[in-house]
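Contents: one structure, followed by commentary.
The numbers here are math on the coordinates, done by the rules we state, and not lab data. Everything numeric here is computed off the predicted structure, so don't read it as measured data. Ideal geometry is used to build each Cβ from the backbone, glycine not excepted, and the neighbour counts take in all protein chains shown.
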Amino acid sequence: MLDNNDVVAILNELIETSRDGEEGFRTAAENVEDARLKDFFMRRSQEVGESVHALQTMVRTLGGVPAEATSIGGTLHRRWMEIKTALTLNDTLAVLNETEAGESVAVAAYETALELELPIDIRTVLVRQLEGAKRNYSLVKQLRYVYDAEAALH
């Protein structure tokens with residue numbers, strides 16, 4: 001089993017990953033014209049924000065200080081920079097592609113964390129949050145298929 005400091009570090013990494021997703025969904029909502037997509041992205045952002053809050057609470061319970069920002073480097077940073085670039089072009093399909101890629105990163109982060117020997121109460125929350133990330137990934141992927149098909153018709 002991991003010690004408290006290790007668990008706090010893992011949770012803080014997930015907080016950063018989740019904040020990236022929360023911000024990515026919010027940015028997507030602000031930059032698409034389709035009202036259905038705006039609503040979809042805002043709901044996803046709010047759900048991910050709730051996950052962030054739950055992770056922060058666990059970190060505090062363990063006596064740690066929760067991460068307060070998104071990640072700055074690595075793959076997550078590049079992914080969200082790509083989505084911001086896509087948004088400036090106002091290309092719905094590009095936004096969906098980049099959002100799908102970002103959610104793929106989130107799923108991988110949770111799966112990696114769950115490979116470790118975490119306390120059962122934390123594991124339970126992370127499994128639930130992983131299912132939410134997988135659901136988000138699947139929904140975005142389905143939307144991408146729909147918009148891809150529509151684009152092919154025009």
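Structure values in brief
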| item | result |
| --- | --- |
| Square roots of 5 times each gyration tensor eigenvalue, C-alpha, segment 14-53, largest first, Å | 19, 9, 5 |
| Debye equation applied to the C-alpha atoms of the chain, log10 I(q)/I(0) at 0.08, 0.10 Å⁻¹ | -0.23, -0.35 |
| Per-residue Cβ neighbour rank within 10 angstrom, fewest leading, Val95, Val125, Val65 | Val65, Val125, Val95 |
| Relative contact order of the chain, defined on C-alpha pairs under 8 angstrom at six or more residues apart (%) | 28 percent |
| Packing-based exposure ordering (other Cβ within 10 Å, fewest first) of Leu93, Leu153, Leu118 | Leu153, Leu93, Leu118 |
| For the chain, calculated [θ]222 nm from helices alone, where every DSSP H run of n ≥ 4 adds -39500 (n - 2.57) | -29000 deg cm²/dmol |
| Axial C-alpha extent at least 15 Å, average Kyte-Doolittle at least 0.5 - helices from the chain (DSSP) | 92-114 |
